[in-house]
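A quick write-up on the structure given underneath.
The values are calculated or read from the model by the stated rules, or taken from the named source; none is laboratory data. Source: prediction; values computed, not measured. Please note: Cβ atoms are built from the backbone with ideal geometry, for glycine as well, and neighbour counts cover all protein chains shown. SASA here: full protein model, heavy atoms, side chains in, ligands and nucleic acids out. Shrake-Rupley method; radii C 1.70, N 1.55, O 1.52, S 1.80 Å.
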Amino acid sequence: MKKNKKINIGLLKWLERVGNKLPDPAFLFVILAVITMVASAVAAQFDLSVTYEGVNSATGTIETITTTVNNLLSVEGLHYIVTNAVTNFTSFFPLGTVFTVILGVSVMEGTGMLAVLLRRIVSKTPKTFISAMVVFLGVMSNIASSTGYIVLVPLGAIIFLASKRHPIAGLAAAYAGVSGGWTANLLLGSNDPLYAGISSEAARILDPSYTVLPTDNWFFMIASTFLVTIVGTFVTDRIIEPSLPEYEFSTQEEVEDITPVEKKGLLYAGIAEAIYLLGMAWMVLPENGLLRNPETGEILNSPFMSGIIFFLMLFFLIPGIAYGIGSGVIKRSQDVTELMTKGIQGISNFLVLIFWAAQFTAIFGYSNLGIILSVNGAQWLTQIGLTGLPLLLLFILLAALIDFIMPVDTAKWALMAPIFVPMFMQVGLSPEATQLTYRIGDSTTNIITPLMPFFPMIIAFFQKYDKKAGIGTVVSTMLPYSLSFLVGWLILLSIWYLLGLAIGPGAWLTL
């Protein structure tokens with residue numbers, strides 16, 4: 001057993017060394033962009049194209065689409081690169097999301113409230129359950145789409161620090177829960193209606209009356225929540241943390257008792273947060289709530305969910321200000337602005353990374369190379385002739401591989417659903433099953449693909465506790481989670497299929 005442990009740690013260290021020999025992450029995205037430009041020019045010389053049934057993003061209907069390679073070294077391609085560089089950066093999804101949330105978090109952190117809360121959490125949670133708590137909270141954060149990447153991942157490190165455990169292990173546990181747990185939750189999230197809508201349109205290629213509901217993967221997602229939490233906890237405690245070098249804790253990281261001044265601040269914060277939450281409940285819970293969908297009255301597809309990032313910022317900002325006033329840290333309005341400014345300064349490395357990541361992501365999408373590779377992979381799968389459970393398991397692996405070149409989940413599903421949903425329906429597999437297996441494959445490799453939009457930010461988080469950390473550090477740290485989640489989900493889906501269990505209310509794996 002000890003020999004196998006040494007081999008596993010040695011393999012991870014080797015992978016980390018190899019990965020970190022790659023160029024600086026920001027410069028690596030430049031290299032990838034250049035490679036994409038050259039590849040698009042070569043592909044254009046051979047007139048590469050692909051025809052498939054896809055969802056028209058403007059109309060939401062299924063159409064026959066022919067996609068050709070866009071040559072980035074042509075006049076038009078070069079014009080695209082230079083004229084869209086700024087908008088590629090400013091419209092990159094993680095940028096606005098991170099900036100908005102960090103305004104609130106920086107106030108809560110700068111006043112000292114965050115540290116006090118975490119000291120409370122650590123004092124009340126047995127150390128045995130710290131890892132499980134962090135992974136579980138990561139999974140549950142997916143209710144609010146991608147906010148867990150920004151909020152919970154750095155908190156995972158702080159929680160581990162307060163427990164005298166390695167902060168990178170905390171980062172890894174939280175990141176595994178947020179990203180690896182993308183197909184797990186006890187509740188429905190903002191992405192479920194998006195998946196269901198795309199799946200419904202794809203199913204109607206064969207059956208015009210077929211509808212996939214947002215709840216149709218819910219039962220399996222509930223079970224997956226426990227799977228991800230258990231597996232993620234095991235990997236954190238038994239594989240990741242033992243493989244990390246010893247961390248030198250400073251005296252500032254000692255867990256101290258809460259002072260009377262801090263208790264007063266928490267009282268102010270608690271009252272302010274309660275008022276805020278009651279106000280939000282008044283605008284969301286009633287059937288005619290101001291933040292519900294004005295036409296349908298639903299919550300999932302509503303101004304509330306569309307504005308969740310802003311509301312999350314207020315969730316941190318309001319009690320942060322109240323705590324600062326109660327504890328005497330905030331005495332004037334300028335203090336709040338200064339705390340926000342300091343928080344933004346702390347993510348300067350992220351800004352550099354995200355600029356070049358945004359450029360690469362944009363030009364790779366413009367080239368259409370990802371679409372051509374994905375559709376050709378799908379067409380290969382249709383020629384194999386598998387059915388039933390083996391086909392679902394193979395589709396998980398294909399979705400996991402495609403995630404390396406097209407990590408944006410809903411955009412990728414809009415491409416793949418019209419191909420695979422009708423094909424699987426013809427061999428007796430439900431659209432709900434196809435959607436579920438796609439989400440499993442997508443979740444398992446989210447953690448380790450450098451093209452994932454939030455990956456540069458994760459590198460920046462790692463570098464806070466390890467200045468030498470790079471792509472190799474993150475990938476080698478997260479690879480055990482990725483492989484373990486994949487194996488766990490393959491086993492769980494096999495059991496589900498063989499027992500003939502429903503994957504959601506009225507939804508089954510087979511037709």
Estimated distance in nm for a label pair at residue 426 and residue 164, the labels positioned 7 Å out from Cα along Cα-to-Cβ:
6.4 nm
Once the piece of chain linking residue 499 and residue 249 is laid out straight, how much longer is it, given 0.36 nm per residue of separation minus the C-alpha distance between them?
85.0 nm
Between residue 401 and residue 278, with labels modelled 7 Å along Cα→Cβ, what's the label distance in nm to one decimal, could you check?
5.8 nm
Residue 87 to residue 310: extension gain in nm, 0.36 nm per residue of separation minus the Cα-Cα distance?
78.1 nm
Please tell me the relative contact order of the chain in percent, rounded to the nearest whole number, where contacts are Cα pairs under 8 Å and at least six residues apart.
25 percent
For segment 326-331, Karplus-derived ³J(HN,Hα) couplings (6.51, -1.76, 1.60; θ = phi - 60°; whole Hz; x for glycine and proline) come out as x, 8, x, 6, 9, 10
On a 0 to 90° scale, report how tilted helix 75-90 is relative to the longest principal axis of the chain, with both axes built from alpha carbons and the result rounded to the nearest 10.
30 degrees
Based on Cβ point charges of +1 for Lys and Arg and -1 for Asp and Glu, what charge dipole magnitude is obtained for segment 383-468 about its Cα centre, in debye rounded to the nearest 20?
320 debye
Once residue 373 and residue 125 are pulled to full extension, the length gained, defined as 0.36 nm per residue separation minus their Cα-Cα distance, is 84.5 nm
Which of (i) 1.16; (ii) 0.97; (iii) 0.99 gives Rg/Rh (Cα atoms, Kirkwood Rh) as computed here? It is (ii)
Using alpha-carbon coordinates, inclination of helix 455-465 to the longest axis of the chain, degrees:
30 degrees
Per residue accessible area in Å² of the chain, where ligands, DNA and RNA are left out and the probe is 1.4 Å
45 Å²
Tilt of helix 218-235 relative to the longest C-alpha principal axis of the chain, in degrees (0 to 90, nearest 10)?
60 degrees
Of the listed peptides 154-165, 393-404, what is their order by residue-averaged count of other C-beta atoms within 10 Å, with the highest listed first?
154-165, 393-404
How much FRET efficiency would the formula 1/(1 + (r/R0)^6) give for residue 492 and residue 74, where r is the Cβ-Cβ distance and R0 is 51 Å, rounded to 0.05?
0.60
Return the calculated 222 nm mean residue ellipticity for the chain, to the nearest 500 deg cm²/dmol, obtained by summing -39500 (n - 2.57) across DSSP H runs with n ≥ 4 and dividing by the residue count.
-22000 deg cm²/dmol
Packing-based ranking, highest mean first, of 219-226, 308-315 given that Cβ atoms within 10 Å are counted
219-226, 308-315
Order these peptides, 496-503, 132-139, by their mean beta-carbon neighbour count within 10 angstrom, highest first.
132-139, 496-503
Give the carbon-plus-sulfur fraction of the accessible surface of the chain in %, rounded to a whole number; probe 1.4 Å, heavy atoms of protein chains only.
66 percent
Residues in segment 80-115 that a label on residue 338 would reach, taking backbone N under 15 Å of a point 7 Å out along Cα→Cβ
107, 110-112
Segment 312-377: trypsin sites (Lys or Arg not before Pro) in DSSP loop, at most 16 other beta carbons within 10 Å:
331, 332
Distance violations [Cα-Cα > 32 Å] among 124/412; 263/468; 264/467; 263/342; 164/264
124/412; 263/468; 264/467
